[in-house]
Amino acid sequence: MAEEKKEAPKKAKKIAAYRPKRSCPKCGTGVHLAEHADRFACGKCGYFEKKMKK
Ligand SMILES: [Zn+2]
């Protein structure tokens, strides 16, 4: 009897979506905006940007 060789299913590599972090225009580079569902917000000065919907 011939043995059936089953190929292991190839694992799909998860590609992490690269999202450049936004910096706060008021606080300057280094202060990143926290990402929320619909906006980016700065925890230091309260600045926020609305996310653009596609
Ligand atoms: Zn800020």
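FYI, it's all coordinate maths here, none of it is from the lab. Quick caveat: nothing in here was measured; it's all calculated off a predicted structure. With ideal geometry, Cβ positions are generated from the backbone for all residues, glycine too; neighbour counts draw on all protein chains shown.
With a threshold of 21 Å on the Cα-Cα distance, the over-threshold entries among K26/K50; K13/K54; K26/K51; K21/K54; K21/K50 are K13/K54.
Once the Cα-Cα distance is subtracted from the 0.36 nm per residue extended length, the E35 to K11 segment shows a gain of 5.6 nm. Amide H contacts of L33: R22, S23, C24, each under 5 Å away and 5 or more positions distant or on a separate chain (H built 1.01 Å from N in the peptide plane; Pro and chain starts excluded). Spin-label model, K21 to F48: label points 7 Å out along the Cα-to-beta-carbon direction sit 2.0 nm apart. Counting charges near L33 (Lys, Arg +1; Asp, Glu -1) among other residues having Cβ under 11 Å from its Cβ returns a value of +4.
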